[in-house]
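Novice: I'd like to ask you about the structure that follows.
Here, each number is a calculation from the coordinates, and none is a lab measurement. Because the structure is a prediction, the values reported are computed rather than measured. Note: ideal-geometry Cβ built from the backbone for every residue, glycine included; neighbour counts use all protein chains shown.
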Amino acid sequence: MAVIRLIRHGQASFGLKNYDQLSDLGVQQSRVLGESLKDRAGEVDLVICGAMQRHAQTAEATLSAMGLELDQRVDERWNEFDHEEVIVRQKPAYRSKTLMVADLARKGDPRHQFQLLFDDALARWTAGLHNDEYSESWTEFVERARAGLAALEGEGGAKNVLVFTSGGPVSAVAAALLGLGPDGWMRLNRTCANCSETKIVSGRSGTSLVTWNAHSWFDGDRELLSYR
């Protein structure tokens, strides 16, 4: 039996030019997660990372806190979908991030306004009516994430695996195991916390979702909890 822990990256740099890097809070979250894993994860024998900078940075800080020096195998199947493209297809004018930021600020709470925009953009993407406009359709994205999990199910020698990835793939895998469609994926994705753990068990009887979006290691300090 293999235990596969899907770790969503720490808080990235929302609102900055380069989103794909951890904020100071994201680094702190990763270290707190690592301290928690050190006491309960057991002997890790395989570490997988998506190819994004925030995945590698989360892995580095987490493993360091665990006192582990392990090689990381990069697997692009665990990359996030292109959220910037999804937004632009919903609202082409937002190719200009400056315009988007100004518009969101003008409407009130920028984070809330962004979530409304993002939800609409995701609904358009997942509906499958405009697949030719996207570099990766919703269906292709889900198939990619599921292929990443299938590859781990086939790892005969790996019994305790850490996967550092993003909320989209974590939610896609969880939704597939729960038999949920696009709407279910969107609900899961919206609530997936930074540096949360989703645990999957794979064995002879199949693959099961054991824990979704666990983040109790932040209970002592709610300021560590974030979702973007």
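Novice: Treating only the Cβ of Lys, Arg, Asp and Glu as charged (+1, +1, -1, -1), what charge dipole size does region 82-135 show about its Cα centre? Round to the nearest 20 debye.
Specialist: Details: 8 positive and 9 negative charges, 56 e Å.
It works out to roughly 260 debye.
Novice: Next question, about the same structure. Excluding residues fewer than 8 places away in the same chain, name every one of the lysines whose C-alpha is closer than 28 Å to that of residue 159.
Specialist: Partners found: 38, 199.
Novice: Rounding to the nearest 20 debye, state how big the charge dipole of region 58-110 is about its Cα centre with +1 on each Lys and Arg Cβ and -1 on each Asp and Glu Cβ. Each step should come with its number before you reach the end.
Specialist: Numbers: 8 positive and 11 negative charges, 111 e Å.
In debye, rounded to 20, region 58-110 gives about 540.
Novice: Mind giving me the FRET efficiency for residue 24 and residue 131? R0 is 45 Å, r the Cβ-Cβ distance, nearest 0.05 is fine.
Specialist: Working: r = 39 Å, r/R0 = 0.86.
So the FRET efficiency works out to roughly 0.70.
Novice: Which semi-axis lengths, in whole Å and largest first, follow from the square roots of five times the eigenvalues of the Cα gyration tensor of region 82-135? Don't skip to the answer; put the middle values down first.
Specialist: On the way: eigenvalues 89, 29, 10 Å².
Over the Cα atoms of region 82-135, the ellipsoid semi-axes are 21, 12, 7 Å.
Novice: For 3, 32, which order do you get if you count the other beta carbons within 10 Å of each Cβ and list the fewest first?
Specialist: Details: 3 18, 32 21.
Ascending number of Cβ neighbours within 10 Å: 3, 32.
Novice: Looking only at region 45-86, which residues have a backbone nitrogen under 16 Å from a spot 7 Å from the Cα of residue 97 in the C-beta direction?
Specialist: Within reach of a label on residue 97, which here means backbone N under 16 Å from a point 7 Å along Cα→Cβ, region 45-86 contributes 53-54, 82-86.
Novice: If each DSSP helix of 4+ residues adds -39,500 (n - 2.57) and the sum is divided by the residues in the chain, what number results at 222 nm, nearest 500 deg cm²/dmol?
Specialist: On the way: 8 runs with 105 residues, N = 228.
So the helix-based figure for the chain works out to -14500 deg cm²/dmol.
Novice: Taking the convex hull of the alpha carbon atoms in the chain, what volume per residue do you get, in Å³?
Specialist: Values: hull volume 26.9 nm³, N = 228.
Here the figure is 118 Å³ per residue.
Novice: Which order do 98, 58, 191 fall in if you start with the one that has the fewest other Cβ atoms within 10 Å?
Specialist: Working: 98 8, 58 32, 191 12.
With the sparsest Cβ surroundings first, the list reads 98, 191, 58.
Novice: Computed over the Cα atoms of region 1-96, what is the ratio Rg over Rh, Rh following Kirkwood?
Specialist: On the way: Rg = 15.4 Å, Rh = 14.7 Å.
Reported Rg/Rh, Kirkwood definition of Rh: 1.05.
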